[in-house]
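The values are calculated or read from the model by the stated rules, or taken from the named source; none is laboratory data. Quick caveat: nothing in here was measured; it's all calculated off a predicted structure. Cβ coordinates were reconstructed from backbone atoms using ideal geometry, including for glycine residues, and neighbour counts include every protein chain displayed. What goes into the accessible areas is simple: the full protein's heavy atoms, side chains included, and nothing from ligands, DNA or RNA. Shrake-Rupley method; radii C 1.70, N 1.55, O 1.52, S 1.80 Å.
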Amino acid sequence: MLGVTTRPQRKETTVLDSVSRSGGQPQSVPDDGGIRGVLTAGFLAGIAPQPPDPAQVAGAMARHQASGTVREFRAGLYGCLAARPDALFELCDAILCADHAVKSLVQLSLAPEFRRGHGALAAGRIDEESSPRCWPTRCCSCMILEAYGLSETSPIASFNHPDRVRKPGSIGTPMQGVQMRVVDGEGASLPAGEVGEIAIRGHNVMKGYWGKPEATAKAIPDGWFRTGDLAQADADGYFHIVGRAKDLIIRGGYNVYPREIEDVLHEHQAVAEVAVIGIQHAELGEEVGAAVVLKPGATATPAELRAFTGERVAAYKYPRHIWLVRELPKGPTGKILHREVQPPQDLLT
């Protein structure tokens, strides 16, 4: 654990955010301000109906002398990212080309899942190898720090701290005053390397869901907020997201985590987006299926993609069923809605 402190006494409710968890109706999240007062403006900008253009963000940063602060930068950045997962790279290019005086910006922190539209704050994991243009020596001379959080956690809970070892692909370690652990279905802590649900406790956790005591009790049954995200912690205490608990596929008694299969399919040069889901199966319980969107002008057959995946994962994991689609269903923030992905009708009969 990192920097654990005593949970402070709650004050009057000063912020009422709206959160839409991917599995249900929007709910209101009350809190007493504090860290949320600093972060919520940037976070809410991410769900604005008209996210700003990256070039406009860069210009505004220069006009208002935003260098040295993080709020203005995050507000514009999140606004771009939520609906446009490629906007970080455009923003970096705009800053570089315009030569605005913003290079003293503090290190910016982003949620994982940046590239593919799965994240809580941004939309996908940032790939340092394939995106060198947005990294320290080229954009603002600052580091990109992967982070993790939800509206219910104000919204940051952990990140790769700038003064510690960075582990790309990891969500890092808890921020000061926050506790995180990986738990089983009974709430017991799991050892390093085992997959379970992330539970969070600290000053950043919401007071509850407004007017919904039952939902609050389910989300925070013992003082620890259950995120619904599956992860494992390594020997150094860094957390690594595996997927969403509700998206877990159980094929013949074996657990298959959609994100792992999606990561493999994303390695194929023709794949733009993918959603892996479970399809009901009479004998196995569930079979693994994948809906794939190809990049413009690219070609690949389901058989090719199936073979590609089968060579890289265990036999019980690769999707037996792959179908091509023009687009995948998404929510307002650009996150793929797995529950709305439907396999071809012939696979259901």
Within the bounds of region 121-136, is there any residue that is modelled with pLDDT of 90 or more, of a type in the set (D, E, K, R) and either open to solvent by less than 10 Å² (accessible area, probe 1.4 Å) or out of contact with any Phe, Trp or Tyr (no Cβ under 8 Å at 6 or more places or on another chain) (or both)? no
Can you say whether ARG259 is in contact with a Gly (Cβ under 8 Å, 6 or more places away or on another chain), open to solvent by less than 60 Å² (accessible area, probe 1.4 Å), closer than 30 Å to SER158 by Cα and charged (D, E, K, R), as far as the supplied structure shows? yes
Exactly one condition in (1) farther than 21 Å from GLY334 by Cα; (2) open to solvent by 40 Å² or more (accessible area, probe 1.4 Å) is false for TRP224; which is it? (2)
Scan of region 301-327 for residues that are in a helix (DSSP H, G or I) and either touching a strand residue (DSSP E or B) at 6+ places or on another chain (Cβ under 7 Å) or open to solvent by 70 Å² or more (accessible area, probe 1.4 Å) (or both), ordered by number: PRO302, GLU304, LEU305, ARG306
Here are the criteria: (1) more than 21 Å from ALA314 (Cβ to Cβ); (2) assigned to a strand (DSSP E or B); (3) not acidic (Asp, Glu). Tell me which single one ILE241 does not satisfy. (1)
Lone qualifier among ASP263, ASP222 - being under 21 Å from the mean Cα position of the chain (by Cα) and of a type in the set (Asp, Glu): ASP263
When you check VAL242 against the structure, is it under 30 Å from VAL165 (Cβ atoms), hydrophobic (A, V, I, L, M, F, W, C), in contact with a Leu (Cβ under 6 Å, 6 or more places away or on another chain) and buried (at least 19 other Cβ atoms within 10 Å of the Cβ), yes or no? yes
How about region 250-261: which of its residues are outside any loop (DSSP other than H, G, I, E, B) and out of contact with any Lys or Arg (no Cβ under 9 Å at 6 or more places or on another chain)? ILE250, ASN255
Among ALA233, ALA215, which is the only one that is under 23 Å from GLU260 (Cβ atoms) and touching a residue at least 12 places away in the same chain (Cβ under 8 Å)? ALA233
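Each row is one residue, and each column tells you yes or no for (1) over 19 Å from the mean Cα position of the chain (by Cα); (2) within 18 Å of ALA235 (Cβ to Cβ); (3) crowded, with 22+ Cβ neighbours inside 10 Å; (4) in contact (Cβ under 8 Å) with a residue 24 or more places away in the chain.
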site: ARG164; (1), (2), (3), (4): yes, yes, no, no
site: GLN176; (1), (2), (3), (4): yes, no, no, yes
site: MET180; (1), (2), (3), (4): no, yes, yes, yes
site: VAL195; (1), (2), (3), (4): no, yes, no, yes
Restricting attention to region 153-199, which residues are assigned to a strand (DSSP E or B) and closer than 11 Å to ALA231 by Cβ? SER158, MET180, ARG181, VAL182, VAL183, GLY196, GLU197, ILE198, ALA199
Could you please tell me which pairs satisfy a Cβ distance under 8 Å, a separation of 6+ or placement on different chains, a first residue in region 268-289 that is under 14 Å from PRO302 (Cα atoms), and a second residue that is among the polar types (S, T, N, Q)? ALA270/THR299
Based on what the data block shows, is ALA298 free of Cβ contacts under 8 Å to residues at least 24 places away in the same chain, out of contact with any Phe, Trp or Tyr (no Cβ under 9 Å at 6 or more places or on another chain), surrounded by fewer than 20 Cβ atoms within 10 Å (Cβ to Cβ) and hydrophobic (A, V, I, L, M, F, W, C)? no
